[in-house]
Amino acid sequence: MPELPEVETIKCELSPSVAGKTIENVELLSERIVKRPSHEEFLKGVIGRRIESLSRRGKYLIFCLDSGNFLIMHLKISGSLFVSKNREDMPKYTKAVIALNDGGYIFFRDPRSFGRMWLDKDTSEVEKMLGPEPFTQEFTLEELEKRLARRHIPIKAVLLDQAVIAGIGNMYADEVLYASKIHPLRLASSLSRREIKKLHDNILRILSLAILSKGASVQNYFRPSGEKGKAHFNFKVAHGLGGKDCPCGGEIIRIVVRGRGTYFCPKCQK
DNA sequence: CCCGGAACCTGAAGGC
DNA sequence: TGCCTTCAGGTTCCGG
């Protein structure tokens with residue numbers, strides 16, 4: 001599942017293949033892959049445009065076009081981008097093919113079909129929905145404290161709320177809570193300053209480590225080269241990948257919080 | 001405004 | 001072996 005570290009890896013590894021290149025053609029192989037505008041308008045807006053740069057905000061991937069418009073993608077839970085010079089390399093479940101003027105292709109693959117892309121005149125709509133970006137000056141301990149104080153729901157649910165912090169998904173939320181020794185059902189508003197400090201530190205530490213490991217390849221995440229990431233080898237609890245038992249001697253259990261599978265150690269996490 | 005739950009989608013895994 | 005059911009998950013939408 002692409003969360004911040006996975007989308008960051010895709011951005012970094014895709015950049016050299018797309019920056020400065022012109023989009024020669026786009027094939028839309030699924031009705032739903034483009035959110036807006038119509039397929040016809042979308043194609044008119046992107047074909048012939050040069051990609052100036054590629055950036056990321058939360059889990060959104062943003063192509064800045066020379067027209068001043070932005071091609072924005074969200075991979076949701078099973079989307080991935082694959083790059084090749086050969087059209088025949090098109091993977092199964094490809095929903096869109098972007099052909100560049102250097103002969104390269106970007107394949108938007110997505111077995112679950114939740115992923116979308118769209119064209120926008122600016123990025124304000126994305127910006128409006130998202131809280132602070134972890135690796136920026138806006139993500140301070142004080143800001144996190146302020147945001148948690150007014151939420152009277154489980155901390156796990158708050159970490160998943162993109163309006164509170166951008167980029168954390170189900171896997172990293174579990175890892176961060178485990179490292180911080182905080183029970184996922186604790187109400188966000190009940191956390192002490194000391195606990196929020198640990199949370200803040202661990203968010204930055206765990207996300208950076210995952211970026212260094214090129215993301216976590218559970219289920220459908222692949223890097224643009226087709227290679228997998230290695231971040232899941234560091235997982236202590238997420239997805240049950242840490243094993244059945246915690247080093248403390250307790251058992252790692254799974255509960256459901258806001259409809260999401262949540263792994264934690266009830267002995268360590270209070 | 002705040003919160004919980006359903007819906008979207010479909011391959012994989014589990015049950016019989 | 002094979003059919004049927006259930007599950008997973010990011011985001012959006014709806015109802016209380």
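Computed from the coordinates by the stated procedures, all read-outs in this text should not be read as laboratory data. This structure is a prediction, so every number in the text was calculated from the model and none was measured. As a convention, Cβ positions derive from the backbone with ideal geometry for all residues, glycine included, and neighbour counts pool all protein chains shown.
Taking the range A:138-186 only, how many residues are in a helix (DSSP H, G or I), free of Cβ contacts under 8 Å to residues at least 12 places away in the same chain and more than 13 Å from DNA strand B (Cβ to nearest atom)?
2
Looking at A:Ser189, A:Ser208, A:Ser225, can you tell me which residue is within 30 Å of A:Phe107 (Cβ to Cβ) and not in a loop (DSSP other than H, G, I, E, B)?
Only one candidate passes the filter, namely A:Ser208.
Suppose we keep only residues that are surrounded by fewer than 15 Cβ atoms within 10 Å (Cβ to Cβ) and outside any loop (DSSP other than H, G, I, E, B) within the range A:254-270. Which one would you say is nearest to DNA strand B (Cβ to nearest atom)?
Taking the candidates together, the pick is A:Val256.
Can you find a residue in the range A:165-176 that is within 16 Å of DNA strand C (Cβ to nearest atom), acidic (Asp, Glu) and surrounded by 17 or more Cβ atoms within 10 Å (Cβ to Cβ)?
Looking for residues that are within 16 Å of DNA strand C (Cβ to nearest atom), acidic (Asp, Glu) and surrounded by 17 or more Cβ atoms within 10 Å (Cβ to Cβ), one finds at least one in the range A:165-176, hence yes.
Can we say A:Lys92 is more than 14 Å from DNA strand C (Cβ to nearest atom) and touching a Phe, Trp or Tyr at 6+ places or on another chain (Cβ under 8 Å)?
no
Working only within the range A:77-111, note down all residues that are over 13 Å from A:Ser225 (Cα atoms), of a type in the set (D, E, K, R) and exposed (fewer than 13 other Cβ atoms within 10 Å of the Cβ).
A:Arg87, A:Glu88, A:Lys92, A:Asp102
Does at least one position in the range A:146-158 carry a residue that is surrounded by 21 or more Cβ atoms within 10 Å (Cβ to Cβ), within 23 Å of A:His74 (Cα to Cα) and within 19 Å of the chain's Cα centre (by Cα)?
yes
What is the one condition in (1) under 24 Å from A:Ser15 (Cβ atoms); (2) touching a helix residue (DSSP H, G or I) at 6+ places or on another chain (Cβ under 6 Å) that A:Ser180 does not satisfy?
Going through (1) under 24 Å from A:Ser15 (Cβ atoms); (2) touching a helix residue (DSSP H, G or I) at 6+ places or on another chain (Cβ under 6 Å) one by one, A:Ser180 breaks only (1).
Can you name the number of the only condition in (1) surrounded by 19 or more Cβ atoms within 10 Å (Cβ to Cβ); (2) in contact (Cβ under 8 Å) with a residue 60 or more places away in the chain that A:Gly226 fails?
(1)
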